[in-house]
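The values are calculated or read from the model by the stated rules, or taken from the named source; none is laboratory data. Please read all numbers here as calculations on a predicted model, not as lab measurements. Using ideal geometry, Cβ is built from the backbone for each residue, glycine included, and neighbour counts are taken over all protein chains shown.
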Amino acid sequence: MGLGAYFRLARAGFVLAREGALSIADNDALPPVMKAGVRFGRLFERGEVRRSGNVERLTRALYRLGPTYVKLGQTLATRPDIVGPAAAADLAVLQDSMEPFDPALVPGLLHEALGTRAAELTEFSPPIAAASIAQVHHARLADGTKVAVKILRPGIRQRFAADIESQYAGARLAETFVPKLRRLRPVDVVATLDRSARIELDLRLEAASISEFTDNIKDDTGFVIPRVLWDYTSDTVLTTTWVEGIPIRDNAALDAAGVDRKALAKNLLQAFLRHTVRDGFFHADLHPGNLFADPRTGDVIAVDFGIMGRITRRERRFLAEILYGFIARNYRLIAERHFEIGYVPRSQSIDEFALALRAIGEPQHGRRVSEISMSKVLGQLFATTELFEMQTRPELILLQKSMVLVEGVARALDPELDIWTISEPIVGDWVRRSAGPLGRLEDLRDHFDTAVATLGRLPAVVSKAEAALDDYERDKHAPGRRFNRFMILTGFWLGLVVLLTALWRLLGF
């Protein structure tokens, strides 16, 4: 990693501090080490920001810094409860209203990506949405079908690579000089975001995600996505059927069209939970620029599937039982699941952790979301994770980010939203099902598959053991060789017996 990565990191920190990025959070809710960092960073703020608290130039700063910083701004735009209404409104521009690239480049990019098929896209419009990664155009096929054509920004892969390199540099510095942050595994977190970005930058993989997502929700109602047109799709161009709706952030237009915003918020939150806990495959970039409402049906319409999240059945159960624990106010259950999945070290006390969770959860019950300060809740959560030496789970980073996004969008639609009541039908049903006979059978099937796979590898293990023993045979006249051979054979077969016994118990026999 070159010095350029550290230079870009330092420049980004300076620009963000100067434009007021450190002034938009509630500093009182932060732990001491972060408070000190914020105070130092704010020394570089422009005088105008310090006097007025106005951070209108932050959006332009994020755009100049690169696409990964834009993604950060998109997330913050959904959380006026954390950054304040004015900053959130300003950052909302980053969701789909950024400066488009030179329109003269479009024909060449299309021809390079699609060859002669590019000519079949007619009535090509100027950009109707421009974001950090790509921009979208309206077009028609020869048969008159309306389509949406997404084109990657020229040079975006190089910009992402530079951004990610500087973030790796920052993560390594954090692990080296701030030992308390090591439990958050910043390098692993950046690696997770890196993999996600690489997938997002190949539009064929986005097309495959849409295809899989379509299969998952084919029997659902209330959540609609476009269909992929594979003949007009490549690694830099994605063509889908056209979907039409009202931007979900436009409350005035939704009200004018008679859309029930409370029902829309409920539909969005329940759909996300369904995709997550039922399918383990979810849209991980549900900012308002990617969401629309069908005024005729009240359905949620989602677009832009470049960032998708996937979690295993074990992680789905963890998520569902954690949410259900908060719904049922069963903090002991939440604590036990954190220990089981390895979030909290075994050296900690389950009872004390359950007590800390109660201190976080109880004040939120019975409150409307408009009455909850998420910045204070997040600060309390961070302090709790530090107290109990909790480790970050990189595989859940996208899920955690997505939950913040979805809850922020739902909160904007319905300030009176009761998250727990809305979540219970989805989460509760899944928990009850997974704990019932059918869930037990699925667990048994998973254990059986693991056992079969392990047994299938045994012949290879035996062959390698025999090969190792043959090597020893060449030294059979060496002193103590017979004893060594006996010990090796005994150890191997003893290990095999232990393995088979463990598999037997795993299957529940």
Would it be correct to say that PRO247 is within 27 Å of GLU416 (Cα to Cα) and free of Cβ contacts under 8 Å to residues at least 60 places away in the same chain?
yes
Taking region 293-313 and keeping residues at pLDDT below 90 and among the polar types (S, T, N, Q) leaves THR312
Name the pairs: first residue in region 138-155 and not assigned by TED's automatic domain parsing to the domain that holds LEU201, second residue among the aliphatic types (A, V, I, L, M) and buried (at least 20 other Cβ atoms within 10 Å of the Cβ), Cβ to Cβ under 6 Å, at least 6 apart or on different chains?
none
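Go through ARG316, ARG337 for me and flag whichever is outside any strand (DSSP E or B), within 18 Å of the chain's Cα centre (by Cα), at pLDDT below 90 and not assigned by TED's automatic domain parsing to the domain that holds ILE199. Quick ask: steps written out before the conclusion?
Numbers: ARG337 fails: within 18 Å of the chain's Cα centre (by Cα).
The conditions single out ARG316.
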Test each condition in (1) out of contact with any Lys or Arg (no Cβ under 6 Å at 6 or more places or on another chain); (2) more than 27 Å from ILE307 (Cβ to Cβ) for GLU123 and report the one that comes out false.
(1)
Go through the residues of region 276-292 one by one and say whether even a single one is over 30 Å from ARG157 (Cα atoms), over 17 Å from the mean Cα position of the chain (by Cα) and at pLDDT 90 or above.
no
Filter region 181-191 for residues that are within 14 Å of the chain's Cα centre (by Cα) and surrounded by fewer than 18 Cβ atoms within 10 Å (Cβ to Cβ); which is farthest from ILE133 (Cα to Cα)?
ASP188
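Does any residue of region 19-36 turn out to be at pLDDT 80 or above and within 25 Å of GLU99 (Cα to Cα)?
Here is the first cut: in region 19-36, the ones at pLDDT 80 or above are 19.
Those left that are additionally within 25 Å of GLU99 (Cα to Cα): 19.
There is at least one residue in region 19-36 that is at pLDDT 80 or above and within 25 Å of GLU99 (Cα to Cα).
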Six or more apart or on different chains, Cβ atoms under 6 Å: show the pairs whose first residue is in region 100-113 and assigned by TED's automatic domain parsing to the domain that holds ILE156 and whose second is assigned to a helix (DSSP H, G or I) and not acidic (Asp, Glu).
LEU110/ALA118; HIS111/ALA118
Collect the residues in region 129-174 that are over 19 Å from ARG64 (Cβ atoms), crowded, with 16+ Cβ neighbours inside 10 Å and among the hydroxyl-bearing types (Ser, Thr, Tyr), keeping them in residue-number order.
TYR168
Condition broken by ILE246, with the remaining ones in (1) under 27 Å from LEU114 (Cβ atoms); (2) among the β-branched types (Val, Ile, Thr); (3) at pLDDT 95 or above satisfied
(1)
Of all the residues that make up region 113-128, how many are out of contact with any strand residue (DSSP E or B) (no Cβ under 9 Å at 6 or more places or on another chain) and surrounded by 13 or more Cβ atoms within 10 Å (Cβ to Cβ)?
2
Being among the hydrophobic types (A, V, I, L, M, F, W, C) and not in a loop (DSSP other than H, G, I, E, B) is the filter here; which residues of region 245-259 pass it?
ILE246, ALA252, ALA253, LEU254, ALA256
Residue hits (region 276-299; surrounded by fewer than 24 Cβ atoms within 10 Å (Cβ to Cβ) and closer than 16 Å to THR221 by Cβ) are ARG278, ASP279, ASP294, ARG296, THR297, GLY298, ASP299
Looking at (1) modelled with pLDDT of 95 or more; (2) surrounded by 20 or more Cβ atoms within 10 Å (Cβ to Cβ), which one does ALA208 not meet, given that it meets all the others?
(2)
When every residue in region 224-244 that is in a helix (DSSP H, G or I) and in contact (Cβ under 8 Å) with a residue 60 or more places away in the chain is compared, the one nearest to GLU416 (Cα to Cα) is TYR232
